[in-house]
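Down below is the structure, laid out as structure tokens.
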Amino acid sequence: MNGLKGVHHVTAITSSAEKNYQFFTYVLGMRLVKKTVNQDDIQTYHLFFADDKGSAGTDMTFFDFPGIPKGVHGTNEISKTSFRVPSDAALAYWEKRFERLNVQHFGIKEMFGKKTLSFVDFDDQQYQLISDEHNEGVPSGTPWEKGPVPLDYAITGLGPVFVRIANFDYFKEMLEKVMEFKEIAQEDSYHLFEVGEGGNGAQVVVEYNAVLPPARQGFGTVHHAAFRVEDRKVLEQWITRFDQFGFSTSGYVNRHFFESLYARVAPQILFELATDGPGFMGDEPYETLGEMLSLPPFLEPKREQIEKLVRPIDTVRSTIEFTKE
């Protein structure tokens, strides 16, 4: 059995694809590597922000479902997404950047021996930056070369995924027995699990919380989190494994940019396993990634219809010269 390799991507819900594009591009300096639609709901944009090359383990993606209400944070939710930065000094840079750009943030703190900086966006989506200063394990990606953030400080990939859960004992057993994570540390009600090579790129932080009411999904909340597997062969092994443990799954799904499997592993917690390839470079050149509306082959015949359904968003950046500041 080939195990999980770490975090693959996190998918969340935004109230505005336009504002989301502005925030991730101009504030966070992450690269839009794919502008496409939700394959199950073609009137909904699906934006993928990642590192310079769209590497697996670096992308945060967003749906903007028309008319969806604001989500409510609570227990039984994927509660926070982390982004890796190279060093503790990078966090000091980001604190100043957030001040200057009026991004609400909560100061540099330490958790499980790593420095972090939590912040929120316009939807109250919860994030943190985490320093790779003393990190070992899964390598991170490459910062966006032409983005607005100096490369020494820029975001390089995804860090630990936070899950807040009411039934901790069950969730711990599921992570360890089914998904082969190991618990390696605990601080108060937070438990740190890791898988594969470990480190910031292969961790889940589980917060036990039976006090808050259950979260409600909507904009400003996470839709699902995905973990990396090598290829389709390994994915098929995981489909069998989940079946053996009695989980109902989506079965095999071809998402064109990667191949997937989805399983509801706890109340309101949807996990996906996704292959590292083929990636985002197949249908657009590196220079203009994310600038056109990209559709998987099975949706290409509907392009005209889809382009009428989704409003145009200008995502051309190859003509813009960003000043790194």
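Rule-based calculations on the coordinates, nothing more; no lab input. It should be emphasised that the depicted structure is a prediction, and the values quoted were computed from it without experimental measurement. Neighbour counts run over all protein chains shown; Cβ positions are idealised from the backbone, glycine included.
Taking the Cα centre of the chain as origin, sum charge times position over the Cβ atoms of Lys and Arg (+1) and Asp and Glu (-1), and report the length of that vector in debye to the nearest 20.
Charge dipole, the chain, about its Cα centre: 480 debye, nearest 20.
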So, with +1 on the Cβ of K and R and -1 on the Cβ of D and E, and no other charges, what is the size of the charge dipole of segment 153-288 about its Cα centre, to the nearest 20 debye?
-> 440 debye
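Determine the percent antiparallel among the DSSP beta bridges restricted to segment 7-309, to the nearest 5.
Values: 53 of 76 bridges.
About 70 percent, rounded to the nearest 5.
Please give the calculated 222 nm ellipticity per residue for the chain, where each DSSP H segment of at least 4 residues contributes -39500 (n - 2.57) and the sum is spread over every residue; nearest 500 deg cm²/dmol? Walk me through the intermediate numbers first.
Details: 5 runs with 45 residues, N = 325.
Roughly -4000 deg cm²/dmol at 222 nm, from the helical runs in the chain.
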Ordering of 247-260, 300-313, 33-46 by packing [mean C-beta count within 10 Å, highest first] | 33-46, 247-260, 300-313
The ³J(HN,Hα) series, computed from each phi in segment 139-145 with the Karplus coefficients 6.51, -1.76 and 1.60 at θ = phi - 60°, rounded to the nearest Hz and given as x for glycine or proline, is x, 8, x, 10, x, 5, 3
Env charge @ residue 45, Cβ radius under 11 Å, K,R +1 / D,E -1, value 0
Within segment 231-251, which residues have the backbone N less than 16 Å from the label spot 7 Å out from residue 167 along Cα→beta-carbon, could you tell me?
-> 245-248
Using θ = phi - 60° and the Karplus curve 6.51 cos²θ - 1.76 cosθ + 1.60, what whole-Hz ³J(HN,Hα) does each residue of segment 282-291 get, with Gly and Pro shown as x?
-> x, 10, 9, x, 3, 4, 10, 3, x, 8
Please work out the Kirkwood hydrodynamic radius for the chain, using every pair of different C-alpha atoms, and report it in angstroms with one decimal place.
-> 19.9 Å
Could you name the lysines whose alpha carbon sits less than 20 Å from that of residue 233, not counting residues in the same chain fewer than 8 places away?
-> 5
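Sorted by average packing, counted as other Cβ atoms within 10 angstrom per residue and highest first, what order do 180-190, 283-293 take?
On the way: 180-190: 13.5, 283-293: 15.9.
Per-residue Cβ counts within 10 Å, averaged per peptide and sorted highest first, yield 283-293, 180-190.
Pulled fully out, how much extra length does the chain show between residue 302 and residue 236, if you take 0.36 nm times their separation in residues and subtract their Cα-Cα distance? The partial results should precede the final answer.
Working: separation 66, 0.36 × 66 = 23.76 nm, distance 2.99 nm.
Full-extension gain reported as 20.8 nm.
For the residues 281, 179, 30, what sequence is obtained by ranking on other C-beta atoms within 10 Å, fewest first?
Details: 281 15, 179 21, 30 26.
Fewest-to-most ranking of 281, 179, 30: 281, 179, 30.
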Amide H of residue 83: which non-local residues (sequence gap of 5 or more, or other chain) have their own amide H closer than 5 Å, using H built in the peptide plane?
-> 128, 129, 130, 159
Derived scalar couplings ³J(HN,Hα) [segment 254-261; Karplus, 6.51 cos²θ - 1.76 cosθ + 1.60; whole Hz; x for Gly, Pro] = 9, 9, 6, 7, 7, 10, 9, 8
Listed highest first by mean packing, meaning other Cβ atoms within 10 Å per residue, what order do 90-98, 169-177, 20-28 come in?
-> 20-28, 90-98, 169-177
Build a GNM of the chain with springs between Cα atoms under 10 Å: which of 276, 123, 314 gets the top mean-square fluctuation?
-> 314
